Amino acid sequence: MVKMLDTYHKLSQQDMESFEAKNNVELTNNYKTFLLKWNGGTPDPGVFVIPEWEGTTVMNYFYSIGDTDNDFEVYLDIYDLRLPAGFIPVGNDGAGNAILLSISGRHYDQIYFWDHENEPDLEEPDMSNMYFLADNIWGFLDNLYEDESDDDE
């Protein structure tokens, strides 16, 4: 069972609706439930596998609504023209890569890893630097594990 550390203040349903209206975005029901429960934070454990990328990384932080350090709204602006339509950033791995949520289309509710080093240089971003992680936020959290390599020392 994952724990969430460094969460931001508790959200109300009104906070969520205001955020969606202000940013012209409709979050998935699973992600709304996640935000209402924790409003972002750092998961423990936090290591995850990116199967097609053939590597692992560590979940650094899920963005929070209203947080001055990791404000969801700020990251929506940063990635606005860099992601394919229907995808929004919901967190990062601390190495410049984003964790994305699909909010429309055939990938609805799915979680993806966005590799910043292979960002396509296109006018219309595509999914060539994105890797599927889970069907929804709960599946992603269930796949997180502890880095056991530190235990071998």
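The values are calculated or read from the model by the stated rules, or taken from the named source; none is laboratory data. For clarity, every value in this text was computed on a predicted model and none was experimentally measured. We place every Cβ from the backbone using ideal geometry, glycine too, and count neighbours over all the protein chains shown.
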Exercise for review: Would you check if there is a residue in the range 10-19 being modelled with pLDDT of 95 or more, closer than 17 Å to L100 by Cβ and touching a Leu at 6+ places or on another chain (Cβ under 9 Å)?
Suggested key: no
Review point. Looking at the range 103-126, which of its residues are surrounded by fewer than 20 Cβ atoms within 10 Å (Cβ to Cβ), of a type in the set (S, T, Y) and in contact with a strand residue (DSSP E or B) (Cβ under 7 Å, 6 or more places away or on another chain)?
Key: Y108
Exercise for review: Would you check which residues across the range 1-36 are free of Cβ contacts under 8 Å to residues at least 24 places away in the same chain and of a type in the set (D, E, K, R) and list them?
Suggested key: E17, E20, K32
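Where in the range 44-153 are there strands (runs of 3 or more DSSP E), lying fully within it, with 2 or more residues that are among the aliphatic types (A, V, I, L, M)? Quick ask: steps written out before the conclusion?
Working: elements: 47-50, 55-58, 87-92, 98-102, 111-114, 130-134.
By residue number, 47-50, 87-92, 98-102, 130-134.
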